[in-house]
1. Among the helices of chain A (complete DSSP H runs), which have Cα atoms covering no less than 15 Å along the helix axis and a Kyte-Doolittle mean of at least 1.0?
2. So between residue A:131 and residue A:22, what do we pick up on full extension, going 0.36 nm a residue minus the alpha carbon distance?
3. How tilted is helix B:2-14 with respect to the longest principal axis of chain B? Cα atoms for both, answer in degrees (0 to 90, nearest 10).
4. Work through the residues other than residue C:322 whose Cβ is under 15 Å from its Cβ and net out their charges, Lys, Arg +1 and Asp, Glu -1.
5. Please name whichever of A:94, A:125, A:104 sits farthest to the positive end of the charge dipole of segment A:31-164, dipole taken about the Cα centre and charges placed at Cβ: Lys and Arg +1, Asp and Glu -1.
6. Span-like helices, chain C: DSSP H, alpha-carbon axial extent 15 Å or more, mean Kyte-Doolittle 0.0 or greater, which ones?
7. Counting other beta carbons within 10 Å of each residue's own, what order do C:16, A:270 fall into, fewest first?
8. Can you list residues from other chains, or at least 5 along the same chain, whose modelled amide H is less than 5 Å from the amide H of residue B:79?
Amino acid sequence: MLQWLNQAPSLWNTTLFAISAVLLLVVLLGFVTYAIYFERKVIGWMQLRYGPNRVGPLGLLQTVADVAKLLIKEDTRPKHADKALFALAPILAYAPAFGVLAVMPFTDKIQFADLGIGLLYYVALSGITVLGVITAGWASNNKYSLIGGLRSAAQMISYEVPLVMSVVGVVLMTGSLNLREIVLAQQDVWNIVPQFLGFVVFMIAAQAELNRTPFDLPEAESELVAGYHVEYSGFRFAMFMLAEYVYMFGMGTLITILFLGGWLPIHPSLSFIPGIVWFILKLLLYVFFQFWVRATMPRLRADQLMSFAWKGLLPLALFNILLTAAVISYQNGMF
Amino acid sequence: MLGFAKGLGYTLKQLSQKKVTHMYPDVPIQMPSRFRGIQHFSPEKCIVCNQCARICPTECIQLTGKPHPDPEKRGKVIDTYDINFEICILCDLCTEVCPTEAIVMTNNFELAAYSRDELFKNLEWLDDNNTNVREEN
Amino acid sequence: MSTSPATDIRTEEMLLNVGPQHPSTHGVFRLVVKLDGETITEADPVIGYLHRGTEKLAENLTYTQIIPYTDRMDYLSAMTNNYIICHGVETMMGLEIPERAEYLRVIAMELNRVASHLVWWGTFLLDMGAMSPFLYAFRDREMILELFNELCGARMTFNYMRVGGVKWDAPPGWIEKVKDVVKHVKKQLPDYHKLVTGNEIFLNRIKGIGHYDQRTALDYSLSGVMLRCTGVKWDLRKDEPYSIYDRFEFDVPTATEGDCFARYQLRMAEIEQSLRILEQALEQFPSDGEIIGKVPRVIRPPAGETYVRIEAPRGEIGVYIASQGKDKPWRMKFRRPSFVNLQILPELLKGVNISNMVVILGSIDIVLGEVDC
């Protein structure tokens, strides 16, 4: 696939590239549709309810109906909102979420761009989403959205630091920032075992990056009503929702690649099962964990959230780097 | 961290528990026999004593009587009987005071309507509302 | 001007309107909050959105007619409201209540206390962002409401008690069902503690928040859990036994911390104590007897006035009745615990981070129907 992507551009293959990108988008939309369905079902079951079951067989078309409703809704905008920024914010939030997927190796064959600095690309691009959230909070001209936007700015920037730091251990072990090489380096043992501390820090920081429970303060519905997107409706609101779930997909993909061995099977004897199946299974495991946590946890408090990032997670991540470096140096006979 | 783990364990255990949802509009809910639903009114039993209208805390009952059509008999018979379900609180006091059980509760409770006018129920409607009538009053 | 740029930045206070439509104000309650950054400098509660003038309406109603109105004050524990008005009239008239009726009343009130605390538990956690406890609490509350539905034909607005007794006798098999539900709730409580009380996030959020001392609590005339969390052992069921509460053995849980966590623990402990009372009451329940005493056809308390008070789930609920010997009260005044307890809110919120606001408000446990009355 990569060879094919690296061909000189012609009308024919440019069209094909565009089609494959659209294909990924369709897959993604399908994922988002059923992730939302799955979330509502799982949380419903955990809360002794059935979850959606009215639209379509087993409620499978519930999300489709919801999206259709959002699309035909009136696009309202507060009178004193900043017009340009108000329109820009959902795009700013969504575009990077889709952009990060370009470097993800779903299997050893399916990948759109094999960047040498794939990991860095992901982290850098996902940082842009914060801008979308702040912009939305500011442009809505609503006090609740402003507080939500500022909170999320503080939260997402703070948690980006331990997020990146916790991955350094993996990078040290692999010696590369290329996501494909990171997966291939896990042939013998997945990174979750030697990098357990890094994994834990990454999981927590990722949860905060995704603004999901217990770190869903920016959109705390019981305090800030809905946080930064309280004034959005219709399609613009759908963009924020989409961004959130696409990020979940992105983060799940990243965790699978970094710590769970990507498309590699649990044991080499099981390699007759195609890599994509393994990948999807691992991704779903992560997604299920997300919903499970959401059904259980209360929300953190804003001030505790910040001190937890800087005083708790960051030292842990740094310690992990130190430990990894020391072990690698020892193995290389430095001491 | 132990607290998290315990909580997660508890929610996971609930996954397979029996669901408590009522499939309400598909499967009608059986209310217990004493349930206070919409009143049923039987005009032939009514002696126009006005007690229900007087006890009603929200004054939602209006009734008028007329002289008995049979000139031999004394007393009155009911002419109009209206309950305004916009303000009726289904408190059961009218059925409690009724000496002849002309007004009784039923187990029907579906009152939702598209217009406020539909909540104004007259004698015929209350007479026709004769299903699931409460036995003990 | 030669001020440094750092001091030259003009900061403004932000005025934030929380409510009347806000998911965490538990009803139509408005809180005008002045914010300096994320710190609350002033909080001004605005109430009255649900005011129906129950006390004024009562002046034109007979005593029996007032009972359904009290259902709608504290709609989460209507049984205690039913009881207080009947108790007031019975005290004025010196009526004798049959024993079976007393037991039915106590069983109903204690079941209602459990149901009310379960709602509080669920919504308190919901304010903090945990959804599931709300549904678990409502599953158990639903069982209790089912029992009430069988007993008196309504799930929340019971209109169950009458001056001199109760309206309905327990239907056949009802006592057994109550026993089962008591057993069920008792079994669920440890699970609830497992799910919530041990959770580190939860503990960090409510420990030391919304603190006040005993002096303040007494000055504000707080009652119920709001008072007991500061170490005052005051429970009207124990200190001024009404009905037949002197026949049961139960503890009055108290704490000394005076913070949200203390209130949380006390309410959970109160559920256990209520279940204890229920178990004893169900054991002692007389096998037969009258359910309503000898009451004149028209209820006319003698001229005079009286004030009676009992322990509702939210604190001391009282009624003051001034009668001129007619079938309608001349003046009636309800002391509503939610209303009185709410008065401390501005003081508790001063200087607090805004993310603690909903937790503090939630820990007071108000019902807006009762605050506005």
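1. On the way: long enough: A:11-46 (52 Å, 1.48); A:83-99 (25 Å, 1.38); A:128-139 (17 Å, 1.81); A:143-174 (46 Å, 1.06); A:196-209 (19 Å, 1.79); A:234-258 (36 Å, 1.35); A:275-296 (32 Å, 1.53); A:314-331 (26 Å, 1.61).
The answer, listed by residue number, is A:11-46, A:83-99, A:128-139, A:143-174, A:196-209, A:234-258, A:275-296, A:314-331.
2. Details: separation 109, 0.36 × 109 = 39.24 nm, distance 2.54 nm.
The residue A:131-residue A:22 span can extend by a further 36.7 nm.
3. Taking the Cα atoms of chain B, the angle to B:2-14 is about 50 degrees.
4. Details: positive: C:56, C:300, C:326, C:328, C:331, C:333, C:335; negative: C:55, C:59, C:305, C:327.
After counting each charged neighbour, the total is +3.
5. A:94
6. Numbers: long enough: C:78-93 (23 Å, 0.40); C:99-127 (42 Å, 0.24); C:132-152 (30 Å, 0.20); C:174-192 (26 Å, -0.81); C:260-284 (36 Å, -0.27).
Qualifying helices, which must be both long enough and hydrophobic enough, are C:78-93, C:99-127, C:132-152.
7. Numbers: C:16 18, A:270 10.
With the fewest neighbours first, C:16, A:270 line up as A:270, C:16.
8. Here the answer is B:64, B:65, B:66, since their amide H atoms fall under 5 Å of that of residue B:79.
Each value in this text was obtained by applying a stated rule to the coordinates, not by laboratory testing. This one's a predicted model, so the numbers in the text were calculated from it and none came from an experiment. A quick note on method: Cβ atoms are made from the backbone with ideal geometry, for glycine too, and the neighbour counts reach across all protein chains shown.
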